Amino acid sequence: MVCFIILHYKCVDNTFVCIDSIIQNCKKGAFKIIVVDNASPDKSGELLLIRYKHQEDIDILHNTINIGFSGGNNLGCNYAIGKYNPNYLCVMNN
């Protein structure tokens, strides 16, 4: 299994396209998507949660403070390893 870690900060349309591309191009059950909203001030993290709340392969994490690029990625990776124990991690920006 592959866990895709997507660090999100604003630009929700880009994140929608990124997530939808993974869903369309990967075999169901072979992946999980972890989106880390790094305290987006425009509330776009909430839009992600609304759009994908019923998708079992997607987890949305919300930071209350922006912990930076590496901090956000590390948070997503640690979460993925702890919850899913994947074979691979793919860290990406939206």
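The values are calculated or read from the model by the stated rules, or taken from the named source; none is laboratory data. Model, not experiment: these values are computed from the prediction. Here Cβ is always computed from backbone atoms with ideal geometry, including for glycine, and neighbour counts include all displayed protein chains. When the accessible area is computed, the model is the full protein with side chains, heavy atoms only, and any ligands, DNA or RNA have been set aside. Shrake-Rupley method; radii C 1.70, N 1.55, O 1.52, S 1.80 Å.
So here's what we get for this one:
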item	result
Residue in segment 70-80 that is touching a residue at least 60 places away in the same chain (Cβ under 8 Å) and over 22 Å from Lys10 (Cβ atoms) present	yes
Test: residue in segment 61-78 that is open to solvent by less than 80 Å² (accessible area, probe 1.4 Å), of a type in the set (Phe, Trp, Tyr) and closer than 18 Å to Asn93 by Cβ	no
Residue match in segment 50-68 (condition: in contact (Cβ under 8 Å) with a residue 40 or more places away in the chain, touching a helix residue (DSSP H, G or I) at 6+ places or on another chain (Cβ under 7 Å) and not basic (Lys, Arg))	no
Tally of residues being in a helix (DSSP H, G or I), farther than 19 Å from Lys28 by Cβ and not hydrophobic (A, V, I, L, M, F, W, C) across segment 41-94	13
Residue list for segment 1-11, restricted to those being closer than 17 Å to Asp42 by Cβ and open to solvent by 20 Å² or more (accessible area, probe 1.4 Å)	Tyr9, Lys10, Cys11
Positions within segment 79-94 being open to solvent by 50 Å² or more (accessible area, probe 1.4 Å) and of a type in the set (Gly, Ala, Ser), in sequence order	Gly82
Residues that are polar (S, T, N, Q), open to solvent by 10 Å² or more (accessible area, probe 1.4 Å) and more than 18 Å from Ala80 (Cα to Cα), drawn from segment 14-58	Asn14, Ser21, Gln24, Asn25, Ser40
